[in-house]
């Protein structure tokens, strides 16, 4: 699993064979790995990023671990409560127009084969929270 955001690209993303990841993509991204379409938000990319950071900071045991702000790309980790398993959450904000934006949101486990749906629930929950702000 690639941890360096400088070499990371959603357009070149290779997902593992294991089911322990979940990816939401902007409309018409064309990525076969996308498991759901991310919403279009009626706001500029900078506002979406600020609201996303509010969502991430509202979650327990989340920390920002890497950023490549020139590409609107950031990586967080979230540890599970009981066993402290580490999941990586990578987000990239995409400008669609001057007044609309969307995002790529990938949540994946660092270890193990099966995540019991944790990553899918996280992506859906964070997108729900983002839509309410």
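We did not get these values from a lab; they are worked out from the coordinates using the rules stated. Small disclaimer: the values here were computed from a predicted structure and weren't measured. Note that we place each Cβ from the backbone using ideal geometry, even for glycine, and neighbour counts take in every protein chain shown.
Computed quantities for the displayed model
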{"quantity": "Selected residue (criterion: farthest from residue 91 (Cα to Cα)) from residues of segment 15-26 that are assigned to a loop (DSSP other than H, G, I, E, B) and within 15 Å of the chain's Cα centre (by Cα)", "calculated": "20"}
{"quantity": "Subset of segment 104-114 (residues that are over 19 Å from residue 63 (Cβ atoms) and surrounded by 21 or more Cβ atoms within 10 Å (Cβ to Cβ))", "calculated": "104"}
{"quantity": "Members of segment 72-84 that are part of a loop (DSSP other than H, G, I, E, B) and under 16 Å from residue 121 (Cα atoms)", "calculated": "80, 81"}
{"quantity": "Residue in segment 83-101 that is farther than 15 Å from residue 44 by Cα, in contact with a helix residue (DSSP H, G or I) (Cβ under 8 Å, 6 or more places away or on another chain) and surrounded by fewer than 20 Cβ atoms within 10 Å (Cβ to Cβ) present", "calculated": "no"}
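Here's the yes/no breakdown for (1) under 23 Å from residue 7 (Cβ atoms); (2) assigned to a loop (DSSP other than H, G, I, E, B); (3) in contact (Cβ under 8 Å) with a residue 60 or more places away in the chain:
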residue	(1), (2), (3)
30	yes, yes, no
67	yes, no, yes
70	yes, no, no
89	yes, no, no
92	yes, no, yes
101	no, no, yes
104	yes, no, yes
107	yes, no, yes
121	no, no, no
